[in-house]
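Written below as structure tokens is the structure these notes are about.
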Amino acid sequence: MHVNPLPTFAIRAAVFLTVLFLTACGGSNKGGYYKDDGPPRDPPSNLDNIADATPRVEPLARGPNRPYTVMGKRYVPDTSGQPYRKRGIASWYGRKFHGNPTSNGERYDMFAMTAAHTTLPIPSYVRVTRVSNGQSVIVRVNDRGPFLHSRVIDLSYAAAHRLGMVQAGSAEVVVERIMPEQIRAGTWRSDSATVASNPAPRPASLPSTADSNGPMFVQIGAFRDQANAQSLATQAAGRIPENAPVEVDAGPDQVYRVRVGPFNSREAAERAANPIGQALGVSPSLSTP
């Protein structure tokens, strides 16, 4: 008799229960992720260049959008078409679940830009922005979870890597659903202001707002909330090399840019960008005054 394997979220729920029991008995969860889960043993060389999920309008799956119960709690997926925005803690899952079926029957790929959420429609797309550095990724929701500690989303290993939260195991994020009407209109690309989402392998390939032979800045974040921008600037002030000045600039469209500089030339800004990015754990871009 053929027995269908449990979906990934069901297996993860069982693992979470085990972790909860071990914690209650004095056990620990080394590395910030669950028990024997963790990063791949041999990460691919192109991990930094894995692209965001590309939003598209898809029909909703039948099974995973029905009400369900995990660990005694009932969840009702929201298929009403309402916007979603929530700030909270994100976690991630990795090699233990790689290849297992997700809630909609797809195979979990730790190197794809996907996520698990308790109630968002499956499939749907969200932009996840890490609060501490303004870094963001776009992921496709195709699984259910997380079910403990009031975390708002579980990210794939690749998405967690892009946000710089693999070692910590969790981070504070803002999750925003990309709505079908935004996808149809193509406006989702400009609906959120964050730092460049793909780390640059070499300073020479850094994105910039314009080519210039004059003064340039290394931009480490951009926010619609001035308080978030100021928080990043304060954190960066004591950590960047060469004691370069950090400023919060009110850029276009009410976006607050966090920038280091100015530097005398593009070449000087490019030379500084890589150590600045490494010191802060962000992916910088270049901008003009």
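The values are calculated or read from the model by the stated rules, or taken from the named source; none is laboratory data. None of these values were measured; they are calculated from a predicted model. Ideal geometry is used to build each Cβ from the backbone, glycine not excepted, and the neighbour counts take in all protein chains shown.
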Is it true that some residue in segment 133-142 is surrounded by 24 or more Cβ atoms within 10 Å (Cβ to Cβ) and at positive phi? yes
Every residue from segment 254-268 that is farther than 10 Å from Ala229 by Cβ and among the β-branched types (Val, Ile, Thr): Val260
If only one of Ala160, Ala168 is assigned to a helix (DSSP H, G or I) and touching a Gly at 6+ places or on another chain (Cβ under 9 Å), which one is it? Ala160
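Limited to segment 233-289, what total is found for residues that are in a helix (DSSP H, G or I) and either at pLDDT 80 or above or surrounded by 16 or more Cβ atoms within 10 Å (Cβ to Cβ) (or both)? If you could, list the steps in order and put the result at the bottom.
Filtering segment 233-289 for residues in a helix (DSSP H, G or I) gives 233-237, 241-243, 252-254, 266-280.
Remaining after also requiring either at pLDDT 80 or above or surrounded by 16 or more Cβ atoms within 10 Å (Cβ to Cβ) (or both): 233-236, 266-277, 280.
Looking only at that region, the number is 17.
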Considering each of Val175, Val166 in turn, give the residue that is at pLDDT below 90, in the same structural domain as Gly63 (by TED's automatic domain parsing) and under 28 Å from Tyr256 (Cα atoms). Val166
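Among the residues of segment 119-132, is there at least one that is hydrophobic (A, V, I, L, M, F, W, C), within 9 Å of the chain's Cα centre (by Cα) and closer than 19 Å to Ser80 by Cα?
No; the residues of segment 119-132 include none that is hydrophobic (A, V, I, L, M, F, W, C), within 9 Å of the chain's Cα centre (by Cα) and closer than 19 Å to Ser80 by Cα.
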Within segment 87-119, tally of residues that are buried (at least 22 other Cβ atoms within 10 Å of the Cβ) and outside any loop (DSSP other than H, G, I, E, B): 8
Given the criterion free of Cβ contacts under 8 Å to residues at least 60 places away in the same chain, outside the structural domain of Leu232 (by TED's automatic domain parsing) and within 24 Å of Ile183 (Cα to Cα), identify the matching residue among Asp78, Asp143. Asp78
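Looking for something in a strand (DSSP E or B) and under 25 Å from Ser136 (Cα atoms) - is there at least one such residue anywhere in segment 70-86? Quick ask: steps written out before the conclusion?
We begin by selecting, within segment 70-86, every residue in a strand (DSSP E or B); these are 70, 73-75, 85-86.
Next, from what is left, pick out any that are under 25 Å from Ser136 (Cα atoms): 85-86.
Among the residues of segment 70-86, at least one is in a strand (DSSP E or B) and under 25 Å from Ser136 (Cα atoms), which makes the answer yes.
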Based on what the data block shows, is Ser150 over 25 Å from Gly221 (Cβ atoms) and in contact with a Gly (Cβ under 8 Å, 6 or more places away or on another chain)? yes
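Is it fair to say Ser132 is out of contact with any Phe, Trp or Tyr (no Cβ under 6 Å at 6 or more places or on another chain), at pLDDT below 95 and part of a strand (DSSP E or B)?
Numbers: out of contact with any Phe, Trp or Tyr (no Cβ under 6 Å at 6 or more places or on another chain): yes; at pLDDT below 95: yes; part of a strand (DSSP E or B): no.
When the stated conditions are applied, Ser132 does not pass them.
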